[in-house]
Amino acid sequence: MATNLLNRGAFIVLEGLDRSGKTTLAYLLVKELEQRQIPVEFMRFPDRSKDNVIGDTLNKYLSSGIELNPETSHMLFTTQRFAVKDQMLQKLMEGKVLIVDRYAHSGIAYSVAKGLSLEWCKAKESGLLRPDIVLYLDLLPSEGLKRGNYGEERFETVQFQEKVHNAYDQLLDDSWKILSAHDTPETLVRSALSNILRACELNAHKPVELLYQSGRLDEKSPLKERQPFRTNVLSSQ
Ligand code: FDM
Ligand code: MG
């Protein structure tokens, strides 16, 4: 067996509508894993850091400060994911569990909700790392409205969230676990954690796969031979 595949970490993504509780659950999961001495790292997309040009632009776009057409915004969100692809792989190979708050599925669901085609959006995300599990926090769009600070950002309207909800439905595959966003934090943590611990066990010796693409990252992957891509322009990490 290839040595670099010994006990890789699991790649976990949290997805769901605005106000579904992804960020809260992510923090609780990180705490639980740390308590179990399991190496873990939290990441989120988009990265809104003001010290990189894409993060700053996306932040202004989301808070309705500037306009971007759907294709442009899609590609800016996607670029942030590709910019840290190598770093994410490296962390997984070091044995770290990655807990990621939103990923390509948000990219696709929100862009499809704006009217872009599913095929176009999926093609743009193709070749990113494929999560071992997508934990989807299922929230009725009309329920999000009742949660705090709803409506402050660009996409926080029930009408738009209905479309996002329908678009997410089209992305479901065998890596998805559906959790009810209406459950208590304790129930959610218990259920998410058991899925994560199982994924750690099942995938420890399996290569990381690529999203919407057949083929895996194996030892001969050019990704491993390349220096990790680092720039202050695209990534603040
Ligand atoms: N969003 C997020 C997108 O439209 N595309 C993407 O690729 C990603 C990652 O950005 F409205 C949208 C989804 C949401 C906003 O909000 C990010 P949060 O509340 O900070 O997660
Ligand atoms: Mg939000």
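The values are calculated or read from the model by the stated rules, or taken from the named source; none is laboratory data. Model, not experiment: these values are computed from the prediction. Heads up, the Cβs are rebuilt from the backbone with ideal geometry, glycines too, and the neighbour counts pull from every protein chain shown.
Data overview
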read-out: Test: residue in the stretch 36-52 that is among the polar types (S, T, N, Q), away from ligand 2 (no atom under 15 Å from the Cβ) and closer than 29 Å to Ser194 by Cβ; value: yes
read-out: Every residue from the stretch 60-75 that is touching a residue at least 12 places away in the same chain (Cβ under 8 Å) and part of a helix (DSSP H, G or I); value: Tyr61, Leu62, Pro70, Glu71, Ser73, His74, Met75
read-out: When residues of the stretch 142-179 are limited to those that are part of a loop (DSSP other than H, G, I, E, B) and away from ligand 2 (no atom under 16 Å from the Cβ), the one farthest from Ala192 (Cα to Cα); value: Gln170
read-out: Boolean, Thr78 is free of Cβ contacts under 8 Å to residues at least 60 places away in the same chain and more than 9 Å from ligand 1 (Cβ to nearest atom); value: no
read-out: Test: residue in the stretch 134-151 that is near ligand 1 (Cβ under 10 Å from one of its atoms), surrounded by 17 or more Cβ atoms within 10 Å (Cβ to Cβ) and more than 29 Å from Gln87 (Cα to Cα); value: no
read-out: Long-range neighbours under 9 Å by Cβ, at least six apart or interchain, first residue part of a loop (DSSP other than H, G, I, E, B) within the stretch 23-51, second among the aromatic types (Phe, Trp, Tyr); value: Phe45/Phe77; Phe45/Tyr103; Pro46/Phe77
read-out: Test for Asp86: is it assigned to a helix (DSSP H, G or I) and not aromatic (Phe, Trp, Tyr); value: yes
read-out: Which numbered condition Asn59 fails, given (1) farther than 28 Å from Ile196 by Cβ; (2) surrounded by fewer than 15 Cβ atoms within 10 Å (Cβ to Cβ); (3) at pLDDT 95 or above; value: (2)
read-out: Test: residue in the stretch 190-199 that is polar (S, T, N, Q) and free of Cβ contacts under 8 Å to residues at least 40 places away in the same chain; value: yes
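The rows are residues; the columns are (1) of a type outside the set (D, E, K, R); (2) under 14 Å from the mean Cα position of the chain (by Cα); (3) over 28 Å from Leu193 (Cα atoms).
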residue	(1), (2), (3)
Lys31	no, no, no
Ile54	yes, no, yes
Ser63	yes, no, yes
Phe82	yes, yes, no
Tyr103	yes, yes, no
Leu118	yes, no, yes
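Rundown of residues vs (1) within 16 Å of ligand 1 (Cβ to nearest atom); (2) modelled with pLDDT under 95; (3) touching a Phe, Trp or Tyr at 6+ places or on another chain (Cβ under 9 Å), yes/no style:
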| site | (1), (2), (3) |
| --- | --- |
| Arg154 | yes, yes, yes |
| His165 | yes, no, no |
| Leu172 | no, no, yes |
| Ser175 | no, no, no |
| Leu193 | no, no, no |
| Leu197 | no, no, no |
| Pro207 | no, no, no |
| Gly215 | no, yes, no |
